[in-house]
């Protein structure tokens, strides 16, 4: 999938998943996201990992890939908790009221984690291109967790996962939300499988050392994803110029990124002294 945008006179194309896909218009800068090809000389080169589930497997095969305790949580949510699953915003659907409902839910989640709010502009390219899908788990009329996906090239990639439980002192409620989140992941897999999507992408895998609190939290998220029996896959994101103007823009971007990286390292070094 290709998303187009223009910034400071520079025409850019953001290409997701498929390196072979090419723009159908004149472009200055190509930004590749989560592709399989490795480009050593590209700017802002990142080597990343994600976790994939092959939805070509049968439902039974998929379920028994999941860790035993996670299967128990899913079954309890389905059979005892009366969790309701629905698609809030279908792929290709244009409904700004539904999208606002998701954004408001995400921002309540963000406040509980002291994170920045999102706005319509953060999801606009997915919404306008018809690649955004939002799924919801609720109890009664109360939403418990939502998942936003970007769907293209036979992949449903988890873009954002949000749950509201951090402001609650009720341990039972927190456990309910945790089960609802697991159940929603499972039901999302079946939903996309029925839609003919081949791959369920958990949207990244960190796998690093627990060097800080944020990293430790990320490792717990990795563990949560791994319990679904996904396969690790290496992927890359980078920028390439596609015109003379693009070469200037990419070169300037590289210089700025290098300076910021050095300043960040100096700040870290000073903190360690």
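Bear in mind these aren't lab numbers, they're just calculated from the coordinates by the rules spelled out. These numbers were taken from a predicted model, which means no experiment stands behind them. Cβ sites come from the backbone with ideal geometry, for glycine too, and all protein chains shown count toward neighbours.
Below is a table of values for the structure above.
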| read-out | value |
| --- | --- |
| Principal-axis tilt of helix 244-272 within the chain, Cα atoms, nearest 10 degrees | 60 |
| Proxy reagent accessibility, fewest Cβ within 10 Å first, across 58, 131 | 58, 131 |
| Residues 117, 159, 185, sorted so that the one with the fewest Cβ neighbours within 10 Å comes first | 117, 159, 185 |
| For the chain, built as a Gaussian network whose Cα springs stay under 10 Å, the top-fluctuating residue of 29, 150, 134 | 29 |
| Degrees separating the helix 96-112 axis from the principal Cα axis of the chain, which is the longest one | 90 |
| Overall form of region 56-197 per C-alpha gyration tensor (a/c, 1.5; a/b vs b/c) | oblate |
| Sorted by Cβ density within 10 Å, fewest first, the residues 22, 33 | 22, 33 |
| Over region 56-197, relative contact order from alpha-carbon pairs under 8 Å, at least 6 apart, % | 26 |
| With Cα atoms, 0 to 90° folded angle of helix 213-226 axis to the chain main axis | 60 |
| Relative contact order [Cα under 8 Å, 6+ residues apart], region 1-87, whole percent | 17 |
| Kirkwood hydrodynamic radius (C-alpha pairs) into Stokes-Einstein, the chain, 10 °C and 1.306 mPa s, D in µm²/s | 77 |
